[in-house]
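No value in this document is a laboratory result; all are computed from the given coordinates. All values derive from a computational prediction rather than experimental measurement. As a convention, Cβ positions derive from the backbone with ideal geometry for all residues, glycine included, and neighbour counts pool all protein chains shown.
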Amino acid sequence: MLPKIALTIIIITIVVILFRKSGSLKKFQKSSGDDNAVEMKKDPVCGLYVEDTTSHKVKLDEEVYSFCSKKCRDEFIALKKK
Ligand SMILES: [Zn+2]
């Protein structure tokens, strides 16, 4: 019969392996989700690339434009109104 300590070590090893597997899976899912989140859009005014999460956006002709700043957004709107 196995000593109790050996059995305890085996159980701990199994638990650690299972924990690591689920942990690495979660990490992978999180990192792939982050990749989708950082989509870059080109500022049509100054040509800079800005993150799609920017608050400086304007929807025009069913298309959403992203800007680096409020200044660029206002400039774009002014140009389109002409
Ligand atoms: Zn800009």
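For VAL64 and ILE14 in one chain, what is 0.36 nm times their gap in residues minus the Cα-Cα distance, to one decimal in nm?
Working: separation 50, 0.36 × 50 = 18.00 nm, distance 5.08 nm.
Answer, rounded to one decimal: 12.9 nm.
What distance in nm lies between label points placed 7 Å from Cα along the C-beta direction at TYR49 and LYS80?
2.3 nm
Collect residues whose amide H, placed 1.01 Å from N in the peptide plane, falls under 5 Å from the amide H of ASP43; neighbours closer than 5 in sequence don't count.
LEU48, TYR49, VAL50
Starting from the Cα of ILE5, step 7 Å along the direction of its Cβ; do the same at LYS71; then give the gap between the two resulting points in nm.
7.1 nm
What ³J(HN,Hα) values, in whole Hz, does the Karplus curve 6.51 cos²θ - 1.76 cosθ + 1.60 give for segment 57-65 when θ = phi - 60°, with x put for Gly and Pro?
Ordered by residue, 3J(HN,Hα) equals 9, 8, 9, 9, 6, 6, 10, 9, 9 Hz.
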